[in-house]
Amino acid sequence: MAPKLEVEDLNAWFGTKQVLKNINIKIEENAVTAIIGPSGCGKTTFLRCLNRMHEINPDARVSGKVLFNGLNIYGNGVDPVMIRKKIGMVFQKPNPFPMMSIYDNVVAGLKLNGVRDKKSLDAVVRRSLELVNLWDEVKDDLNKSGASLSGGQQQRLCIARALAVEPEVLLMDEPCSALDPISTAKIEVLIRKLAKTYTIVIVTHNMQQAARVSDYTAFFYLGELIEYGPTKQIFENPKHELTEKYITGKFG
Amino acid sequence: MKVKYKNKHTVFPYLKWLIIGDNIFKIISALFASTILLLLGLMVYELIKGSWLSIQTFGLDFILGTKWDPAISKVFGALPLILGTAVTSAIALLIGVPISLGVGLALSEYIPKRYGFVISFLVELLAAVPSVIYGLWGMFVLIPFLRDYIYSHIRALFGFIPIFSGPIYGGGVLTAGIVLAIMIIPTVSAVMRDLFMIVPNSQREAIIALGATKLETVKTVVSYTRSGVIGAIILGLGRAIGETMAVTMVIGNRFQVWPSSLFDAWYTMSAIIANELLEATYDLYVSALMNVALALLFITLVINILSRLIVWRTLRLVRGIAKE
């Protein structure tokens with residue numbers, strides 16, 4: 001299988017502080033890749049470099065290449081707006097648009113693309129909400145505010161919103177850290193389901209979660225990629241001493 | 001955390017005195033606070049008392065009448081003044097609101113914080129300039145400039161439209177609207193900036209991650225606070241309606257039902273009070289001016305209360321969501 005994303009010599013800074021050092025990694029298509037590591041190791045920054053969200057901070061800087069289907073997203077003349085339409089993102093805290101209805105939340109991205117046709121919007125809303133297993137819960141309340149849902153429902157709404165624009169890659173930044181165990185379980189099931197058709201990169205603090213949902217795992221420490229491989233191998237037979245210490249809970 | 005001190009002064013005897021002191025201070029504060037309400041109440045009472053003669057004489061005709069003749073027939077009708085106030089305020093909003101929106105967005109979305117505060121400071125300084133200075137500037141700088149370089153061109157280009165035809169004096173309806181616009185910009189843009197600043201970054205990131213351009217991101221920020229933005233606009237309206245000094249210095253002060261064009265002179269409610277109160281030589285004349293003042297106070301109070309409520313509600317709503 002060809003890699004969906006190839007990261008070459010990626011470095012990232014906030015001001016003068018370097019938060020990512022020479023990252024090289026190949027992310028496989030239609031698989032879940034988990035990024036694990038202690039707080040402040042650059043997991044989230046790495047994720048945000050994959051769809052050029054890192055640079056929206058005025059102090060942020062990036063060097064290196066990220067090849068998406070072979071195209072360097074940091075190349076000259078590449079519009080970050082187009083990249084973000086193809087590489088969607090779900091955030092740590094559910095962030096639906098509270099002033100919009102559930103329906104409008106789902107189609108927010110499509111409206112940016114100029115889709116106005118009611119029929120196709122209706123279809124997308126239904127398909128996206130079904131995909132995230134939210135349709136049955138909200139189908140009668142599509143006009144209610146996105147903020148009226150529970151935390152877990154909000155996060156699934158945010159996933160539906162990201163999927164509605166039909167990205168090829170979905171980046172998830174600790175999507176369950178603000179949720180209760182039942183909501184977390186629902187989202188984990190969802191991630192496995194989505195992995196059949198999407199390439200997913202998920203940052204997580206929770207190692208059990210990484211073990212449960214991912215096919216590949218990358219361990220980051222102090223801005224460096226320490227070890228990367230199939231999840232089974234990382235958890236059962238880590239090659240690097242730091243990885244082993246981390247997954248056995250000796251630091252974290 | 002709330003702790004119950006049941007027998008505190010048996011444990012700490014001096015606490016009793018502290019608590020008495022607390023209560024005294026509370027009562028004094030409450031007294032001071034209530035003077036505000038008292039003042040407002042007295043003001044309304046005095047205005048009603050002062051305008052009673054006019055209210056009795058003209059009744060509703062005062063609001064709907066179009067004649068203001070203190071010299072001969074002694075009939076007073078304020079409709080032209082109300083219209084003048086409404087139109088100049090509307091022009092002020094038409095010009096001032098887009099600029100304020102731009103200033104607010106520039107400060108919250110475009111200019112880096114470390115430079116933005118300088119502009120914020122200057123904008124707020126504008127609000128502190130006494131209105132008579134705006135008036136003087138309007139008379140000696142803006143009027144000659146508009147008359148010589150702007151209005152003649154507007155008339156040459158759009159003269160076929162009635163509102164842009166007719167003689168140009170320099171001062172007049174449009175000039176008053178422009179001066180008012182400049183005067184409301186500081187207040188309106190400061191409120192808008194505060195509204196946009198409290199929009200959580202997670203909202204901006206949400207739309208950026210969906211592939212929004214900068215402009216689309218900014219639109220999301222505005223739509224997030226739209227009810228507050230409307231409140232800010234109404235706040236500006238309240239300020240424009242009540243403004244007196246600068247307007248009376250540039251509007252030309254001519255009592256007429258409807259001006260022949262935007263370049264023509266007109267009158268507003270506040271301007272006529274400032275100009276004619278000293279010339280009012282008999283009771284009904286004074287009472288009529290008081291009646292104008294009463295109507296003005298009523299309108300500005302309603303508008304201000306409305307706008308404050310809307311802005312507060314939005315701020316509370318947005319902060320509430322941001323906290324979750």
Volume in Å³ per residue [convex hull over Cα atoms, computed for the protein assembly as shown]: 258
Taking 1 over the mean of 1/r across every pair of different Cα atoms in the stretch B:174-324, what Kirkwood radius in Å do you get? 18.0
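If R0 is 30 Å, what FRET efficiency do you get for B:Trp312 and A:Val78 from their C-beta distance, rounded to 0.05? List each step's numbers first, then the result.
Working: r = 44 Å, r/R0 = 1.48.
About 0.10, to the nearest 0.05.
Among rounded, prolate and oblate, which fits the stretch A:85-145 when a ≥ b ≥ c are the square roots of the eigenvalues of its C-alpha gyration tensor, a/c under 1.5 means rounded, and a/b larger than b/c means prolate? Could you put the intermediate results ahead of the total?
Numbers: a/c = 1.31, a/b = 1.00, b/c = 1.31.
Taking the square roots of the gyration eigenvalues as a ≥ b ≥ c, the stretch A:85-145 is rounded.
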Output the pairs from A:Lys26/A:Lys65; A:Lys4/A:Lys193; A:Lys118/A:Lys144; A:Lys119/B:Lys219; A:Lys196/A:Lys245 with a Cα-Cα distance over 21 Å in this structure; if there are none, say none. A:Lys119/B:Lys219; A:Lys196/A:Lys245
When the stretch B:61-323 is reduced to its Cα atoms, the Kirkwood hydrodynamic radius in Å: 20.1
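Starting from 0.36 nm per residue, how many nanometres of slack lie between B:Ile305 and B:Tyr45 once their C-alpha separation is accounted for?
Values: separation 260, 0.36 × 260 = 93.60 nm, distance 1.91 nm.
Length gained between B:Ile305 and B:Tyr45: 91.7 nm.
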Just to check I understand the Karplus step: with θ = phi - 60° and J = 6.51 cos²θ - 1.76 cosθ + 1.60, what whole-Hz values come out for the stretch B:22-29, glycine and proline as x? 4, 5, 4, 4, 4, 5, 4, 4
Reach of B:Lys214 by Cα under 17 Å, taken over aspartates and glutamates that are not fewer than 8 positions away in the same chain: A:Glu55, A:Asp79, B:Glu109, B:Glu205
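Among DSSP beta bridges whose residues both lie in the stretch A:5-247, state the antiparallel percentage, nearest 5. Please list the in-between numbers first.
Details: 24 of 41 bridges.
That works out to approximately 60 percent antiparallel.
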Linear extension gain, B:Ser34 paired with B:Lys219, 0.36 nm per residue minus alpha-carbon span: 62.4 nm
Which of A:Lys119, B:Lys214, A:Lys93, A:Lys43 has the fewest other C-beta atoms within 10 Å, and how do the rest follow up to the most? A:Lys119, B:Lys214, A:Lys93, A:Lys43
Taking a straight Cα-to-Cα line shorter than 20 Å from A:Lys186, and setting aside same-chain aspartates and glutamates fewer than 8 residues away, one finds A:Glu130, A:Asp136, A:Glu137, A:Asp173, A:Glu174, A:Asp215
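Just to verify a number: FRET efficiency for B:Trp258 and A:Asp117, C-beta to C-beta distance, R0 = 51 Å, to 0.05?
Values: r = 47 Å, r/R0 = 0.92.
Efficiency for this residue pair is about 0.60.
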Just to verify a number: FRET efficiency for B:Asn201 and B:Ala128, C-beta to C-beta distance, R0 = 35 Å, to 0.05? 0.65
In debye to the nearest 20, how big a dipole does the protein assembly as shown give about its Cα centre with +1 on each Lys and Arg Cβ and -1 on each Asp and Glu Cβ? 1100
Quick one: what Rg and Dmax do you get for the stretch A:5-247 from the alpha carbons, in Å? 17.9, 56
Give the total of Lys-Lys pairs in the stretch B:7-122 with Cα-Cα distances below 27 Å; include a pair only if its members are 8 or more places apart or on different chains. 5
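Every read-out reported here was derived from the displayed coordinates using simple, explicitly stated rules and does not represent laboratory data. Just so it is clear, the structure is predicted and the values come from calculations on it, not from any experiment. When we count neighbours, we look across all protein chains shown, and the Cβ atoms used for this are built from the backbone with ideal geometry, even at glycine.
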